[in-house]
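For reference, the structure discussed in these notes is given below.
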Amino acid sequence: MRAPIKNFLFAAVLICFGVTIKAASTLTIAGTWCDYAQSPLGIENPSPGLGWQLESAARNQTQTAYQVQVASSEELLASGRPDLWDSGKSISRQSVHVKYAGKPLSSRQRCYWRVRVWDKTDVATPFSAANVWEMGLLEQNDWVGQWVGYTAGWPGRALYFRYAFELEKPVLSARAYIAGIGYSELRLNGEKVGDQVLDPGWTDYTKRVLYVTHDVGSRLRAGSNVIGAIVGHGWHGAPKLRLQLEITFTDGSKKTIASRGAHTIARDLWYVTSGPIVEDSIYDGETYDARLEKTGWDMPAKRNPIGSGGRRERWQTVVPVGAPGGRMVAQTLEPIKVVETLQPTEIKEPSPGVYVLDAGRNIAGWARLRVQAPAGTKITLRFAESLRADGTVNDDNLRKAFATDVYIAKGAEMEEWEPRFTYHGFRYLQIEGWPGVPRPDNFQFRLVRSAVENNGVFDSSNGLLNRIQKMVRNTEANNLHSVPTDCPQRDERMGWLNDMTVRIEQALYNFRMGRFYAKWLDDVTDTQIEDGSITDTAPFKWGKRPADPVSASYLLLGWSIYEHYGDTGPMRKHYPAFSRWVDYLTSRAEDGIVSYSSWGDWAPPKAFAIPGSIGAGAISAGTPGPLMSTGYYYYQTKLLAKMARVLGDDTEAKRRAVMAEKIADAFNREFWNEAIGGYGSNNQACNSFALFLGLVPSKNVPRVVANLVSAVEQTNGHLSTGNLCTKYVLDMLAEHGHADLAYRIATKTEYPSWGFMLEKGATTLWERWEHLTGGSMNSHDHPMLGSVSSWFFKYLAGIRVDPSGPGFSRVLIQPAFVSGLDKAEGSYRSLSGVITSAWRREGGRIVLEVSVPVNTVATVRLPVRDPAQVTEKGLPLKNVNGVGGVSAEATAVAFQLGSGTYQFVVDANAPALGQVERNLPAVAALYGKGI
Ligand code: BGC
C-alpha cells in the first residue's frame with residue numbers, strides 16, 4: 001500500500017477509536033533559510049524570502065500547505081504568539097522564497113521564525129527549530145559614523161585605524177557595521193573579526209557602498225577594548241573607513257561607538273597610521289615590511305601605544321574625509337574567503353637563487369609563506385600563468401599588472417605572512433631573495449574567491465569530458481571576486497557583460513549564485529544613465545558606453561534567477577531599468593535592425609577572425625555584428641515580455657511580444673538567405689544563433705539544421721565560433737537531434753578545442769582558442785568559452801530547467817545517450833534538494849538512476865517508442881509508485897516522477913533510440929523558441 005494512504009488510514013482508525021495520537025507526517029523539515037542564507041545579519045529586503053528543505057522516506061511527496069510564524073523574540077515564537085507575522089495555514093506547495101508579509105520591519109530588528117508544513121494526507125510536521133534573520137541599517141541616517149581617513153595620506157600605503165574605549169558594564173550583544181573601502185580588515189582586541197578577505201565587495205562607490213555586519217558581542221568586555229581596522233586601496237583608491245559599533249549591555253542600555261574626525265570631540269580620539277603594508281594594489285601586488293609592524297596596535301595596552309612610540313610610530317588623529325558618494329547598502333552576497341589551500345607540487349631552481357614553485361593548477365589567490373630570515377631580508381614573489389623556455393615565470397600576458405608581492409623580514413624566529421589587499425591569477429610562483437633553499441612546507445597556495453556554495457557535479461565514463469568539466473568549473477571559480485570577472489591575472493579583471501551572456505548558465509549549474517548575481521545586477525543597473533544605456537563592464541571601468549547589444553546577460557540574469565531559484569525579486573526590482581535598456585536599443589534600431597556592434601561573437605579561432613581587428617584580431621569575420629546585435633535585441637525584448645507576464649503585467653507583456661515579433665520579421669528579412677537556406681554567412685555561428693533565438697520559421701528549420709551540421713562537418717567537427725555562439729552550436733545540435741555531433745566537438749583534442757587546451761597543459765580555460773603566451777589578449781583563466789559545462793549537465797546528464805516549474809519545482813530529465821559514452825552522471829542542488837540523473841550502459845540496456853527532491857516533479861523523457869521498453873526494478877511504469885502520466889510521444893516516452901529515488905532500465909535496442917531528440921515536439925515547444 002502506498003505510504004500516504006497507509007498514513008491516512010492509520011490516522012482515520014485512530015480517530016474512530018477516539019485516540020488523540022496524531023499520525024506522524026511523512027515529511028521532515030531538513031533546513032530553513034532566509035534570502036538564500038542560513039541566519040543572515042544585515043538584511044535590507046523589507047520582505048525577505050523564506051525557504052525550507054523537506055525530506056521524506058516515502059516516494060512521491062509534496063507539501064500541501066505551510067505555516068510560517070515570525071516573532072520579535074524567541075520566547076514569543078516558542079509560546080506560539082508570533083507578534084510579527086503568522087501566515088496561518090496557507091494552502092500552497094511553495095517552499096522557497098515565501099515572502100515575509102508581516103508587520104513592517106525596522107533597522108536592526110531581529111526576527112525569529114519557524115515553519116511547519118502539511119503533507120499530502122494533511123498531516124502537519126512539528127514546527128522547525130527556530131531560525132533568525134536580522135535587519136541591517138535601513139535608513140541612511142542610521143549611520144552616525146563619519147567617513148574618516150588621513151588627508152595627507154601615505155601614498156600607496158594601507159591605513160591602520162585604532163580606537164580605544166572603555167565599557168563600564170557587561171555586554172549582552174554587539175554589532176559592528178563596517179565599510180572600509182577599497183578593502184578592509186576589522187580587528188577587535190587584537191583579533192581579526194570574521195574569516196572574510198578582500199571585503200567588502202567591489203561596487204561603483206559613487207553609487208553604492210557595501211557595509212558588512214559582524215556579530216561581535218562575545219569579543220567585547222567590560223573594561224578596556226580596542227577597535228582596529230586595516231584599510232587598503234582595493235578598487236577604490238585612497239583608503240577610507242566608516243564604522244559603527246552598536247552595543248547592548250546586559251542591563252538593556254545601549255551605546256554606539258562611531259568613526260569620527262578628530263575635531264568633533266576632544267578626548268576619545270580615533271587614530272590612524274601607516275604600517276607594514278607599504279604598498280598594496282590589486283594588479284601590482286603587496287609589499288609588506290615586517291619591521292614596521294606595531295605590536296599590540298590593536299590591543300588594549302597599559303600604556304597607550306599612540307603616546308608611547310613617539311614620532312617613530314607616527315599615529316595621527318583621523319580626519320573626516322569626503323564620502324564616496326554612494327548609498328550605504330548591506331552586503332548580502334557571500335564574502336570572499338580563502339576556500340582551499342594547496343601545497344606546491346614542485347620547486348625548481350631555473351637559475352641560481354631563483355626558485356619556481358608550481359601550484360599544480362591555475363588558481364586565483366596568493367601564497368602564504370613561513371620563513372626564518374635575518375631582519376631586512378627582501379623576498380620577492382612573482383606570479384604568472386606560464387613559464388618561459390628557461391623555466392622562469394612568463395608574465396608577458398599579464399600586460400601591465402606587476403603581480404609581485406614583496407616580504408621584508410623582521411628577523412623573528414619564524415615569520416608567517418600572506419597578503420591582504422591583492423590577489424593574483426597564477427600557477428607558478430617565482431621566488432627571489434629566499435634565505436637558503438626553500439622547502440615545500442615553507443609555502444601554501446591560498447585559493448581566494450567569493451564563497452558561493454558548490455551546486456553541481458558532473459562525471460562520465462570519458463576522462464576527457466571530466467577534465468573539461470573540472471577546467472570550466474575551476475575557471476568560473478577563479479573569476480568570482482564579488483564581480484564575475486573576465487580573468488583574475490592581468491591588468492583587467494572586469495565584469496564583462498558580453499561574456500556573461502553565455503557564462504551565466506555554466507555558473508548556475510556549478511555554483512549557488514542567487515546572492516552573487518543579485519548584487520551584480522545592482523552593479524549593472526548602477527551604470528545606467530538617463531538615455532537607458534548601460535556599459536560593457538560593471539562596475540564600469542573598461543569597454544564602452546553603450547554596451548554592445550550582445551550584453552543580454554543583464555536581462556538574462558533576472559530571468560535565470562527566476563528559472564533556477566524561483567525568485568522573482570531581482571527581475572521585479574530591475575524591470576524598469578531592463579525596459580529602459582531595451583528602449584535604448586530601440587532608439588538605435590532602424591527598421592528593426594540594430595547595427596552598432598563592438599565585439600559581436602568575440603574571439604573565434606584565428607582563421608575565422610578579421611586579421612588585425614581589435615583584441616589582436618578578435619572580431620569574427622563571418623558573423624556580422626548587426627546580426628548578433630539584432631538577434632540579441634529580439635532576445636531581450638522577448639525576455640521583457642516573459643518577465644512582464646510573470647510579474648502580472650499582461651498589457652506590457654503583450655506590447656513587448658508584439659515588438660519582438662516585429663524584430664523577428666526584420667531579422668528574417670535582413671539575414672535570411674533563401675537561396676542557401678541559412679542566415680548571414682551561413683556559418684556555424686549565424687545558424688546556431690538563429691535556431692537558439694527561435695527565429696527560424698518551422699518550415700526552414702530542417703535546412704538551417706542541415707547547414708549547421710554541414711558547417712561543423714566542413715571544419716571536421718571543430719568550432720569556428722567565438723565566445724557567444726560556441727554555446728549555441730552545442731546546444732542547438734543537441735536540440736535538433738545531433739547530440740552525437742555535439743559530443744564529437746566536445747571530445748576533440750586537436751586545435752581548436754577544449755581538448756587541445758588540455759593537451760597543452762591548461763588547467764583553466766584560455767581566452768583564445770590558440771595557444772598564446774605573449775603580451776596581448778591571452779588570458780589563461782577566462783571563463784567565456786566554458787558553456788560546454790552546462791551542455792554536459794543539460795544534455796548528457798539531461799537535467800534541464802522546466803519552464804513551467806520555476807526554481808526547479810519542476811525539472812526535465814532528458815539525457816542523450818550519445819554513442820561512444822558509456823556513462824554520464826549529473827547532480828544539481830536545487831533549493832528543494834539534490835536532483836540526480838545518472839545513466840550507464842549495462843549489456844544492451846541502459847540503467848538510469850533518478851532522484852527527485854520532495855516538492856519537485858520531474859518529467860522524464862526517454863528515447864524509446866513504447867512505455868513497455870522502460871521498467872523500474874522490474875515493474876512496468878504504470879505500476880511504479882511515484883510514476884504517473886506515462887505517454888508515448890512521436891519518438892519518445894514521457895512520464896512524470898514524484899519525489900524519491902528510482903532506477904529505470906531502458907531497453908537500448910529500441911528502434912527510436914539515438915534518434916529521438918531529432919523531432920520532439922514537446923522539446924521544440926519548450927526550447928525551440930530559444931528562450
Ligand atoms: C575581455 C573579454 C571581453 C572583451 C570584449 C576583453 O578584454 O577580457 O573577456 O569579452 O574584452 O572586448
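The values are calculated or read from the model by the stated rules, or taken from the named source; none is laboratory data. Treat the numbers as computed from the prediction; the structure is a model and nothing was measured. Glycine gets a Cβ as well: all are built from the backbone with ideal geometry, and neighbour counts include every protein chain shown.
Scanning region 188-210 for residues that are in contact with a Lys or Arg (Cβ under 9 Å, 6 or more places away or on another chain) and among the β-branched types (Val, Ile, Thr) returns Val193, Val197, Thr203, Val209.
In this structure, is Gly622 closer than 22 Å to Gln684 by Cα and within 16 Å of the ligand (Cβ to nearest atom)? No; evaluated as a whole, the condition is false for this residue. Within region 609-628, being surrounded by fewer than 24 Cβ atoms within 10 Å (Cβ to Cβ) and touching a residue at least 12 places away in the same chain (Cβ under 8 Å) holds for Gly615, Ala616, Ala618, Ile619, Ala621, Gly622, Pro624, Gly625, Pro626.
The single residue among Gly153, Gly88 that is modelled with pLDDT under 95, on the phi > 0 side of the Ramachandran plot and in a loop (DSSP other than H, G, I, E, B) turns out to be Gly153. Among the residues of region 645-666, is there at least one that is within 33 Å of the chain's Cα centre (by Cα), within 16 Å of the ligand (Cβ to nearest atom) and outside any helix (DSSP H, G or I)? No, that holds for no residue. Tallying residues that are surrounded by fewer than 23 Cβ atoms within 10 Å (Cβ to Cβ), within 14 Å of the ligand (Cβ to nearest atom) and part of a helix (DSSP H, G or I) within region 494-529 yields 0. When Gly755, Gly843, Gly805 are checked against the criterion of being under 30 Å from Lys642 (Cβ atoms) and more than 16 Å from the ligand (Cβ to nearest atom), a single residue qualifies: Gly805.
Taken over region 68-97, residues that are under 20 Å from Val123 (Cβ atoms) and buried (at least 18 other Cβ atoms within 10 Å of the Cβ) amount to 4.
Please tell me if Gly31 is within 30 Å of Gly900 (Cβ to Cβ), free of Cβ contacts under 8 Å to residues at least 24 places away in the same chain and out of contact with any Ser or Thr (no Cβ under 8 Å at 6 or more places or on another chain). Yes.
Taking Asn682, is it in contact with a Gly (Cβ under 9 Å, 6 or more places away or on another chain) and assigned to a helix (DSSP H, G or I)? No. Of the candidates Val880, Val850, Val864, the single residue that is of a type in the set (A, V, I, L, M) and within 28 Å of the chain's Cα centre (by Cα) is Val850. Only residues that are in contact with a Phe, Trp or Tyr (Cβ under 7 Å, 6 or more places away or on another chain), under 25 Å from Pro546 (Cβ atoms) and touching a residue at least 60 places away in the same chain (Cβ under 8 Å) were counted in region 507-529, giving 1. Among the residues of region 698-730, those that are away from the ligand (no atom under 16 Å from the Cβ), touching a Leu at 6+ places or on another chain (Cβ under 9 Å) and closer than 24 Å to Leu765 by Cβ comprise Leu708, Val712, Gly717, Leu719, Tyr728, Val729, Leu730. Pairing residues of region 488-501 that are under 17 Å from Tyr517 (Cα atoms) and among the aromatic types (Phe, Trp, Tyr) with residues that are within 10 Å of the ligand (Cβ to nearest atom) and modelled with pLDDT of 95 or more, at Cβ distances under 8 Å and at least 6 apart in sequence or on separate chains, gives Trp496/Asp486; Trp496/Asp536; Trp496/Thr537; Trp496/Trp542; Trp496/Gly543; Trp496/Met784. In region 794-815, the residue that is farthest from Asp567 (Cα to Cα) out of those that are part of a helix (DSSP H, G or I) and in contact with a Ser or Thr (Cβ under 6 Å, 6 or more places away or on another chain) is Ala797.
The single condition among (1) more than 16 Å from the ligand (Cβ to nearest atom); (2) within 30 Å of Thr404 (Cα to Cα); (3) not charged (D, E, K, R) that Trp542 does not satisfy is (1). A count restricted to region 329-372 and to residues that are under 14 Å from Val393 (Cβ atoms), buried (at least 18 other Cβ atoms within 10 Å of the Cβ) and among the hydroxyl-bearing types (Ser, Thr, Tyr) stands at 1. Among residues that are of a type outside the set (Ser, Thr, Tyr), in a loop (DSSP other than H, G, I, E, B) and surrounded by fewer than 19 Cβ atoms within 10 Å (Cβ to Cβ), Gly761 is included. Out of all the residues in region 818-838, which are buried (at least 24 other Cβ atoms within 10 Å of the Cβ) and not in a strand (DSSP E or B)? Correct list: Leu831, Ser832. A single entry from Asp491, Asp459, Asp486 fulfils the requirement of being part of a strand (DSSP E or B) and at pLDDT 95 or above: Asp459. Considering Tyr211, Tyr205, the condition of being over 24 Å from Arg110 (Cβ atoms), of a type outside the set (A, V, I, L, M) and in contact with a Pro (Cβ under 7 Å, 6 or more places away or on another chain) is satisfied by Tyr205 alone.
Take Val452 and decide whether it is more than 16 Å from the ligand (Cβ to nearest atom), under 29 Å from Tyr554 (Cβ atoms) and in contact (Cβ under 8 Å) with a residue 60 or more places away in the chain. Answer is yes for this residue. For region 598-618, a residue qualifies if it is within 11 Å of the ligand (Cβ to nearest atom) and of a type in the set (Phe, Trp, Tyr), and the qualifying residues are Trp599, Trp602. In region 764-793, the qualifying residues are those that are part of a helix (DSSP H, G or I) and within 16 Å of the ligand (Cβ to nearest atom), and the one that is surrounded by the most Cβ atoms within 10 Å (Cβ to Cβ) is Pro783. Is it the case that region 434-448 has a residue that's under 14 Å from Asp781 (Cα atoms) and surrounded by 22 or more Cβ atoms within 10 Å (Cβ to Cβ)? Taking every residue of region 434-448 in turn, none turns out to be under 14 Å from Asp781 (Cα atoms) and surrounded by 22 or more Cβ atoms within 10 Å (Cβ to Cβ).
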